[in-house]
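A.B. asks: Structure provided below as structure tokens; questions to follow.
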Amino acid sequence: MTSPISTNRHGDILIVTSNNPPVNALGAAVRQGLVAAIKEAEGDDAIKAVVITCAGQTYFAGADITEFGKPPVMPWLPEVVDRIESCSKPVVAAVHGTALGGGLEIALGCHYRVALPTAKFGVPEVKLGLLPGAGGTQRLPRVAGVPKALEMVTSGGMIGAKEAAALGLVDRLIEGDLVEHAVAYAEEVRAIRPLPKSSERDDKLAEARANPAIFDDFRKANARKMKGFEAPELNIQAVEAAVAKPYAEGVLDERRLFMQLMSGSQARAQQYFFFAERKAAKIDNIPDDTRPRDIKRVGVIGAGTMGGGISMNFLSAGIPVTIVEMAQDALDRGTGTVRKNYEATAAKGRMTPEQVEQAMGALNPTLDFNALADCDLIIEAVFETMEIKQEIFGKLDKIAKPGAILASNTSYLNIDEIAAATSRPQDVVGLHFFSPANIMKLLEVVRGANTAPDVLVTAMQLAKRIKKVAVVAGVCHGFIGNRMLMPRQVEATKLLLEGATPDQIDRVHVEFGMPMGPFQMADLAGVDIGWHRDPTRIENIRDALAAEGRWGQKKNAGFYDYDEKRRPSPSARVQEIIDEFRAKEGVEKRDISDQEIVERTLYTMVNEGAKILEEGMAQRASDIDVVWIYGYGWPVYRGGPMHWADGEGLDKIVAGLRNQEARMGSDFSFSQLLLDKAASGGKFTR
Ligand code: 3HC
């Protein structure tokens, strides 16, 4: 097998090139090749310096994640980085694309770093439940300073080359040919001794040594972001060790902390999710050569919260949008909100005023439905009523140009019935955005019975262009996400009657790691959503709340009372309503354990997920996990409901559901797939 590492000489400089597509991950062959290249450089007196560069789209994007959990193959990455640093001749990293994780650690092992201005640098290990384990937690603070290192290791975010240069992480920015200039740079520094080694630097640690409180301050300032996650804290501890101990000792701490994380369930979940997210983009049963349709202009019907948010995705990606409303004031309100959102982003410094104007300039608001005629994709975002949707699609059928994709943003309704209102069901697809649509990363792409393969491929590609993560769902009530929400909601509401409080149920969910519980979510979304609007018809607790105007946060009252700062507190009135219903329905009040709440609201979701899978409504279990993590904030360190269930043990899930079966009554039925897998010791995601 040929090595992904090749060497060639340019005068007395050895150019070491990695060619390991797609992202130059540091697999065993790359590591072996790098060590061999350093040996080659040292073994030849004619070589005076080394340049390490990568072919293809990027510099090393980190360790090869597919090797994790497999028997280690030597040399391991920390050894490779040390070997580069201990090279007796200067080594220059020539960086383009993204130097990530182990890739940045390699660059830090080099004595010098040069980069294209477009290059990016980061240590995303924390997103995989890890820390930079090849000396990165020790070298990065020594080179970039402790505050920046803390931010980078705990967020996993990237910084641009200019910032890296300002920090001293990059020695020179290169305009023009990277390798040519890197070689020239190597010529310049070839005679300098001693060689500058990141591990030997101390200057940038002095400030933190003088002020060790920096670490606790950082913990406090970021507590909310890091809550529930193990890796950020251990990353901080590793950087603390860099400050408190000599390099040789700090690096031992780093190794111990790395191994601790690597053997934990969070790292397993987060690494699983890395691949789950990428797998979601792949569509089953589609010919490989399917070409996407060209999308140059998008139409959006409805300028409400959803329509406006959906439009922003395309505008931000530079795709012009025609937005249609029925009345001028609704249109003005909608476009006004889009502008306000952009201006708020600009006020935070994340957009320039010119970019705001550019995005707004690409928005064409109109009352004229016929203006949709030149759109390549038209997304309907109006009321959730089949009659209205069918009427709109009937009209669209007459107006839209041939080959235009006709999409509905419905969150529950049957795409096939909507498609039946047109003469071109092959062009119809569901594009279910999550609210707020300009922010939430998830997009459910609903594949109708007749949706053409190239329409699906277009939807998945477009999702990437607008920075969404798309998951394909089949046609069923609520698709993947909202369908799984239903059993949770049903059981949560019944639990109130049986003796739990909204507060207790929400607490169990928040302690589990959800951003909020079912009743906090109802208050945020609006208790009146889906309400029949007849205050005299009170059939359940939700009807009673809605009839009294307790519509949630927007009314300062819902399942909770809210003060003027929107802080919730348990509501005596809501408890009265619950008590009245309990009496009316003759339900006996009892103490509800937290475990019962888990079994009835989370295990039931797993059961529903299994049904979705066995009915073929999701392509794979990991897609369900992607939906729940990106659409509803399921804690990524638990890997999504299906991965979590696998970890719990499917036999335990089944036993828990059996415990509750009688109480759940006819609202519940077992998924056969779940029962079968539990019986055979199988798993959904492994
Ligand atoms: N190892 C193995 N495979 C990887 C990989 C890695 N580090 N990074 C990306 N890939 C694979 C992806 O799975 C994908 O495979 P597929 O085509 O079969 O689905 C392919 O490379 C392309 O990846 P993307 O679809 O993500 O491509 P993009 O161009 O959108 O993004 C990227 C490129 C920014 C490099 C992105 O892939 C990324 O962020 N990668 C992960 C980087 C990372 O986490 N590095 C740290 C690794 S841990 C480490 O280094 C430990 C060390 O400290 C000891």
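A.B. asks: Against the conditions (1) within 16 Å of the ligand (Cβ to nearest atom); (2) crowded, with 24+ Cβ neighbours inside 10 Å, where does VAL170 fall short? Just the number, please.
C.D. replies: All conditions pass for VAL170, except number (1).
A.B. asks: For segment 660-671: of the residues being outside any loop (DSSP other than H, G, I, E, B) and loosely packed, with under 15 Cβ neighbours inside 10 Å, which is nearest to the chain's Cα centre (by Cα)?
C.D. replies: Residue satisfying both the conditions and the ranking: ASP667.
A.B. asks: Output the helices (runs of 4 or more DSSP H) that fall wholly within segment 136-191 and possess 3 or more residues being touching a Gly at 6+ places or on another chain (Cβ under 9 Å) and on the phi < 0 side of the Ramachandran plot, or say none.
C.D. replies: Those helices (runs of 4 or more DSSP H) span 136-144, 146-155.
A.B. asks: I would also like to ask the following. List pairs: first in segment 281-304 and on the phi > 0 side of the Ramachandran plot, second away from the ligand (no atom under 16 Å from the Cβ), Cβ under 6 Å, 6+ apart or cross-chain?
C.D. replies: Between residues of segment 281-304 that are on the phi > 0 side of the Ramachandran plot and residues that are away from the ligand (no atom under 16 Å from the Cβ), the close pairs are GLY302/ALA381; GLY302/VAL382.
This table checks each residue for (1) out of contact with any strand residue (DSSP E or B) (no Cβ under 8 Å at 6 or more places or on another chain); (2) among the aliphatic types (A, V, I, L, M); (3) closer than 21 Å to PRO641 by Cα.
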{"position": "GLU249", "(1), (2), (3)": "yes, no, no"}
{"position": "MET259", "(1), (2), (3)": "yes, yes, no"}
{"position": "GLN266", "(1), (2), (3)": "yes, no, yes"}
{"position": "GLN270", "(1), (2), (3)": "yes, no, yes"}
{"position": "PHE274", "(1), (2), (3)": "yes, no, yes"}
{"position": "LYS279", "(1), (2), (3)": "yes, no, yes"}
{"position": "LYS282", "(1), (2), (3)": "yes, no, yes"}
{"position": "ILE286", "(1), (2), (3)": "yes, yes, no"}
{"position": "ASP289", "(1), (2), (3)": "yes, no, no"}
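A.B. asks: So which of GLU254, GLU249 ends up being acidic (Asp, Glu) and within 13 Å of the ligand (Cβ to nearest atom)?
C.D. replies: None of the others qualify; the one that does is GLU254.
A.B. asks: Let me ask something else about it. Given GLY160, GLY145, which one is of a type outside the set (Ser, Thr, Tyr), out of contact with any helix residue (DSSP H, G or I) (no Cβ under 8 Å at 6 or more places or on another chain) and either within 20 Å of ILE214 (Cβ to Cβ) or modelled with pLDDT of 95 or more (or both)?
C.D. replies: Details: GLY145 fails: out of contact with any helix residue (DSSP H, G or I) (no Cβ under 8 Å at 6 or more places or on another chain).
Being of a type outside the set (Ser, Thr, Tyr), out of contact with any helix residue (DSSP H, G or I) (no Cβ under 8 Å at 6 or more places or on another chain) and either within 20 Å of ILE214 (Cβ to Cβ) or modelled with pLDDT of 95 or more (or both) holds for just one of GLY160, GLY145, which is GLY160.
A.B. asks: Right, next: Looking at VAL51, VAL81, which one is surrounded by 15 or more Cβ atoms within 10 Å (Cβ to Cβ), assigned to a helix (DSSP H, G or I) and either of a type in the set (Ser, Thr, Tyr) or assigned by TED's automatic domain parsing to the domain that holds VAL143 (or both)?
C.D. replies: Residue meeting the stated conditions: VAL81.
A.B. asks: Within segment 327-357, can you find the residues that are within 16 Å of MET312 (Cα to Cα) and touching a residue at least 40 places away in the same chain (Cβ under 8 Å)?
C.D. replies: Answer for segment 327-357, where residues must be within 16 Å of MET312 (Cα to Cα) and touching a residue at least 40 places away in the same chain (Cβ under 8 Å): just ASN341.
A.B. asks: Being part of a helix (DSSP H, G or I) and surrounded by 24 or more Cβ atoms within 10 Å (Cβ to Cβ) is the filter here, so list the residues in segment 639-649 that pass it.
C.D. replies: PRO641, MET642, HIS643, TRP644, ALA645, listed by residue number.
A.B. asks: Give the residue that is farthest from the ligand (Cβ to nearest atom), with candidates limited to residues of segment 1-26 that are in a loop (DSSP other than H, G, I, E, B) and buried (at least 17 other Cβ atoms within 10 Å of the Cβ).
C.D. replies: PRO4
A.B. asks: Could you check, for segment 296-313, whether at least one of its residues is assigned to a loop (DSSP other than H, G, I, E, B) and out of contact with any Asp or Glu (no Cβ under 8 Å at 6 or more places or on another chain)?
C.D. replies: yes
A.B. asks: Collect the residues in segment 83-97 that are in contact with a Gly (Cβ under 7 Å, 6 or more places away or on another chain) and either near the ligand (Cβ under 8 Å from one of its atoms) or without any contact (Cβ under 8 Å) to a residue 60 or more places away in the chain (or both), keeping them in residue-number order.
C.D. replies: ILE84
A.B. asks: Which ones in segment 122-135 are assigned to a loop (DSSP other than H, G, I, E, B) and among the small types (Gly, Ala, Ser)?
C.D. replies: Once the filter is applied, which keeps residues that are assigned to a loop (DSSP other than H, G, I, E, B) and among the small types (Gly, Ala, Ser), segment 122-135 yields GLY129, GLY133, ALA134, GLY135.
A.B. asks: Right, something else. Scan segment 362-373 and give yes if some residue there is modelled with pLDDT of 95 or more, assigned by TED's automatic domain parsing to the domain that holds VAL457, in a loop (DSSP other than H, G, I, E, B) and exposed (fewer than 15 other Cβ atoms within 10 Å of the Cβ), otherwise no.
C.D. replies: yes
A.B. asks: On the basis of being away from the ligand (no atom under 13 Å from the Cβ) and acidic (Asp, Glu), does GLU163 make the cut? Reasoning before the result, please.
C.D. replies: On the way: away from the ligand (no atom under 13 Å from the Cβ): yes; acidic (Asp, Glu): yes.
Judged against the criteria, GLU163 is a match.
A.B. asks: Let me ask something else about it. Is it true that THR118 is assigned by TED's automatic domain parsing to the domain that holds ALA29, within 15 Å of the ligand (Cβ to nearest atom), surrounded by fewer than 22 Cβ atoms within 10 Å (Cβ to Cβ) and among the hydroxyl-bearing types (Ser, Thr, Tyr)?
C.D. replies: Values: assigned by TED's automatic domain parsing to the domain that holds ALA29: yes; within 15 Å of the ligand (Cβ to nearest atom): yes; surrounded by fewer than 22 Cβ atoms within 10 Å (Cβ to Cβ): yes; among the hydroxyl-bearing types (Ser, Thr, Tyr): yes.
Against the criterion (assigned by TED's automatic domain parsing to the domain that holds ALA29, within 15 Å of the ligand (Cβ to nearest atom), surrounded by fewer than 22 Cβ atoms within 10 Å (Cβ to Cβ) and among the hydroxyl-bearing types (Ser, Thr, Tyr)), THR118 qualifies.
A.B. asks: Consider SER408 against the criteria (1) within 24 Å of the chain's Cα centre (by Cα); (2) in contact (Cβ under 8 Å) with a residue 40 or more places away in the chain: it satisfies all of them except one. Which criterion is unmet?
C.D. replies: If we test SER408 against (1) within 24 Å of the chain's Cα centre (by Cα); (2) in contact (Cβ under 8 Å) with a residue 40 or more places away in the chain, just (2) comes out false.
The values are calculated or read from the model by the stated rules, or taken from the named source; none is laboratory data. A quick note: this is a predicted structure, and the numbers were derived from the prediction, not measured. All Cβ positions, glycine included, derive from the backbone under ideal geometry; neighbour counts span all protein chains shown.
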